[in-house]
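J.: Quick one: structure below, then a few questions.
Please treat every number below as a calculation from the coordinates, not as lab data. Predicted model only: the values in this text are computed from it and were never measured. Every residue, glycine among them, receives a Cβ derived from its backbone with ideal geometry; neighbour counts consider all protein chains shown.
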Amino acid sequence: MDFVMSGLAACGACLFTNPLEVVKTRMQLQGELRAPGSYQRHYRNVFHALITIGKVDGLAALQKGLAPALLYQFLMNGIRLGTYGMAEAGGYLHTAEGTLSPARSAAAGAMAGVMGAYLGSPIYMVKTHLQAQAASEIAVGHQYKHQIFPPQSWKVALAAAMVSGIAVVLAMTPFDVASTRLYNQPTDSQGKGLMYRGMLDALLQTARTEGIFGMYKGIGASYFRLGPHTILSLFFWDQLRILYYTYTK
């Protein structure tokens, strides 16, 4: 669960910071191996870059490379923070006397960081290629022409569902946990719940007793169910509509 929670937390932050990552990538590629003053500066500063990209490439371009960025954040931070959390929970960061060892903490942090960066590096490369793609008038650096999915592919809908699923599960899992417990609680002879008075009471009791992580129990299963469920629902809906209109004409 440490891996999942750490990865999802990083993905939630990535949804808001990815436009700045796009800007950073293009500003770092601008004037590559060129002497100052010998090239046209398409991006003068962060705010000018945001406006220029939105105006020329469109607002959607500010989220270029979002899919690999989310995957990278999930893997890198999930592995980095999750591994460190496991080391801490296993007592490997403490001495025989039970005190926290700075040397062991530093070693565990370094090892976790190396593992996350190494495994995430190929995804980071794809993200960089996609974020550098731009209209010819504001293009910087080498322009790769990657296409993750063919147009109209079912994979596009699946990827969109998986990305949007991050925001959905982060927002809805606490309520899902509370509703599951409300439905499953024992009741008295009048059918009144013996553990929770309602949704708000269930949320508060869970947070007080089990902490914030208690409100996100089952988030991994919820996330990986959401994408396939959404795409299959849309797929069957589309096929049923085709059948209906085919045989009713």
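J.: Given contacts defined as C-alpha pairs under 8 Å and at least six residues apart, what's the relative contact order of the chain, whole-number percent?
T.: This gives 20 percent for the chain.
J.: Let me ask another. Less than 16 Å apart at the alpha-carbon level, and either on another chain or at least 8 residues along: which aspartates and glutamates does that give for Lys192?
T.: In chain and number order, the partners are Asp201.
J.: What net charge is computed for the residues neighbouring Gln205, neighbours being all others with C-beta under 10 Å from the C-beta of Gln205, Lys and Arg scored +1, Asp and Glu -1?
T.: Once positives and negatives cancel, what remains is +1.
J.: Go ahead and run the numbers for FRET between Ala135 and Leu243, Cβ-Cβ distance against an R0 of 45 Å, rounding to 0.05.
T.: Result of the calculation: an efficiency of 0.60.
J.: Label point 7 Å out from Tyr144 along Cα-to-Cβ: which residues of segment 57-85 have amide N under 20 Å?
T.: Those under the cut-off are 61-77.
J.: Have a look at Leu130, Leu119, Leu200 and tell me which one the Gaussian network model of the chain (Cα, springs below 10 Å) gives the largest fluctuation.
T.: Per the Cα network of the chain with a 10 Å cutoff, Leu200 tops the list.
J.: Restricting things to Cα coordinates, could you compute the convex hull volume per residue of the chain in Å³?
T.: It is 216 Å³ per residue.
J.: Just to confirm my numbers, what's the Cα centroid distance between segment 1-30 and segment 60-138 in Å?
T.: When both Cα centres are located, 11 Å separates them.
J.: Given H placed 1.01 Å from N in the peptide plane, which residues other than close sequence neighbours of His94 have an amide H under 5 Å from its amide H?
T.: Here Ser101 satisfy the definition.
J.: Less than 29 Å apart at the alpha-carbon level, and either on another chain or at least 8 residues along: which lysines does that give for Lys145?
T.: Answer for Lys145, where 29 Å is the Cα cut-off: Lys24, Lys55, Lys64, Lys127, Lys155, listed by chain and number.
J.: Once you list every other residue whose beta carbon is under 14 Å from the beta carbon of Gln73, what net charge do they have if Lys and Arg are +1 and Asp and Glu are -1?
T.: +1
J.: Report, in order of residue number, the helices in the chain meeting two criteria: a C-alpha extent of 20 Å or more along the helix axis, and a mean Kyte-Doolittle hydropathy of at least 1.0; treat each whole DSSP H run as one helix.
T.: 154-184
J.: Then there's this: Work through the residues other than Glu21 whose Cβ is under 14 Å from its Cβ and net out their charges, Lys, Arg +1 and Asp, Glu -1.
T.: Within the 14 Å Cβ shell, the charges total +4.
J.: Over the alpha-carbon set of segment 1-89, divide Rg by the Kirkwood Rh and report the Rg/Rh ratio to two decimals.
T.: The Rg/Rh ratio comes out at 1.15.
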